[in-house]
1. List every residue pair whose Cβ atoms sit under 6 Å apart, with the two residues 6 or more apart in sequence or on different chains, where the first one lies in segment 112-124 and is among the aromatic types (Phe, Trp, Tyr) and the second, anywhere, is at pLDDT 95 or above and open to solvent by less than 20 Å² (accessible area, probe 1.4 Å).
2. Could you say which residue among Asp62, Asp91, Asp83 is among the charged types (D, E, K, R) and in contact with a Leu (Cβ under 6 Å, 6 or more places away or on another chain)?
3. Which of the residues belonging to segment 26-48 are in a loop (DSSP other than H, G, I, E, B), in contact with a Cys (Cβ under 9 Å, 6 or more places away or on another chain) and aliphatic (A, V, I, L, M)?
4. Output the number of residues of segment 49-87 satisfying the condition of being assigned to a helix (DSSP H, G or I) and either in contact with a helix residue (DSSP H, G or I) (Cβ under 9 Å, 6 or more places away or on another chain) or surrounded by 15 or more Cβ atoms within 10 Å (Cβ to Cβ) (or both).
5. Among the candidates Gly42, Gly38, Gly123, which residue alone is at pLDDT 95 or above, open to solvent by 20 Å² or more (accessible area, probe 1.4 Å) and in contact with a Gly (Cβ under 6 Å, 6 or more places away or on another chain)?
6. What's the total number of residues in segment 6-32 that are without any contact (Cβ under 8 Å) to a residue 60 or more places away in the chain and surrounded by fewer than 20 Cβ atoms within 10 Å (Cβ to Cβ)?
7. Is there any pair linking a residue in segment 35-50 that is in contact (Cβ under 8 Å) with a residue 12 or more places away in the chain to one that is among the acidic types (Asp, Glu) and open to solvent by less than 70 Å² (accessible area, probe 1.4 Å), with Cβ under 8 Å and at least six apart or on different chains, and which?
8. Here are some conditions: (1) of a type outside the set (A, V, I, L, M); (2) in a helix (DSSP H, G or I); (3) open to solvent by 40 Å² or more (accessible area, probe 1.4 Å). Asp3 meets all but one. Which one does it not meet?
Amino acid sequence: LVDGADGPLKARVYTPLAAGVGQQPAILYFHGGGFVVGDLDGHEMICIRLAHASRCRVVSIDYRLAPEHKFPCAHDDALAAYDWLLRRAPDLSIDPERIIVAGDSAGGNLAAFLCQEMVRTGGQEPAFQLLFYPLVQFVDIKSKGLSFQEGFFISPGLFDFFKGSYIGTETDPMDKRVSPLFAPAEDF
């Protein structure tokens with residue numbers, strides 16, 4: 001368990017055989033699922049492969065999901081998990097100066113947000129961010145033309161479902177925390 005913003009969160013640490021001894025780099029991973037679905041089990045294979053290929057420990061976080069936990073719950077959990085990992089790094093043989101944040105889809109949103117939030121607040125910035133098909137804006141996908149794209153994408157209806165479930169009508173979809181693509185240049 002790791003510290004979340006509002007209580008403990010489930011997490012898994014994947015340690016590859018080639019991780020080495022002493023304080024080593026690590027990857028803090030946030031799963032995708034539109035902030036509504038997804039969990040540790042569904043993203044286990046990507047974490048195993050990432051740990052093996054990078055030779056780094058991967059710490060995967062099971063943050064709170066909508067619609068029970070609307071914005072900014074997942075974002076707050078991401079910040080809390082990062083803070084927890086920075087504090088606990090020595091206990092896990094992790095170098096706190098070499099923590100990478102990563103995620104796919106909504107998890108990519110959390111990783112991008114976390115990096116920008118560290119810039120905004122003067123916190124310890126991650127060493128690197130790794131984003132897999134990140135959801136970096138919650139404004140619109142209908143006008144983006146989905147034909148001939150590589151990788152994963154979601155339909156406009158599913159996008160609207162995720163958007164309604166997580167940010168609803170209470171949050172401005174241009175809010176830089178939920179749409180990090182639209183953050184000012186100084187946040188990058």
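The values are calculated or read from the model by the stated rules, or taken from the named source; none is laboratory data. No experiment lies behind these values; they were computed from the predicted model shown. For neighbour counting, all protein chains shown are included, and Cβ atoms are generated from backbone atoms with ideal geometry for every residue, glycine included. Accessible surface is based on the protein model in full, side chains and every heavy atom, while ligands, DNA and RNA are left aside. Shrake-Rupley method; radii C 1.70, N 1.55, O 1.52, S 1.80 Å.
1. Listed by first residue and then by second, the contacts come to Phe113/His75; Phe113/Pro180.
2. Residue meeting the stated conditions: Asp62.
3. Hit for segment 26-48 is Leu40, nothing else.
4. The first filter runs over segment 49-87 and keeps only residues assigned to a helix (DSSP H, G or I), leaving 49-54, 73-87.
The next check asks that each one be either in contact with a helix residue (DSSP H, G or I) (Cβ under 9 Å, 6 or more places away or on another chain) or surrounded by 15 or more Cβ atoms within 10 Å (Cβ to Cβ) (or both); those that pass are 50-52, 54, 73-86.
Residues in segment 49-87 being assigned to a helix (DSSP H, G or I) and either in contact with a helix residue (DSSP H, G or I) (Cβ under 9 Å, 6 or more places away or on another chain) or surrounded by 15 or more Cβ atoms within 10 Å (Cβ to Cβ) (or both): 18 in total.
5. Numbers: Gly42 fails: in contact with a Gly (Cβ under 6 Å, 6 or more places away or on another chain); Gly123 fails: in contact with a Gly (Cβ under 6 Å, 6 or more places away or on another chain).
After applying the criteria, what remains is Gly38.
6. Of the residues in segment 6-32, the ones without any contact (Cβ under 8 Å) to a residue 60 or more places away in the chain are 7-8, 10, 12, 14-18, 20.
Keeping just the survivors that are surrounded by fewer than 20 Cβ atoms within 10 Å (Cβ to Cβ) gives 7-8, 10, 12, 15-18, 20.
Qualifying residue count for the region: 9.
7. Final answer for the pair search is Asp39/Asp62; Leu40/Asp62; His43/Asp104; Ile46/Asp104.
8. Result: Asp3 fails condition (2) only.
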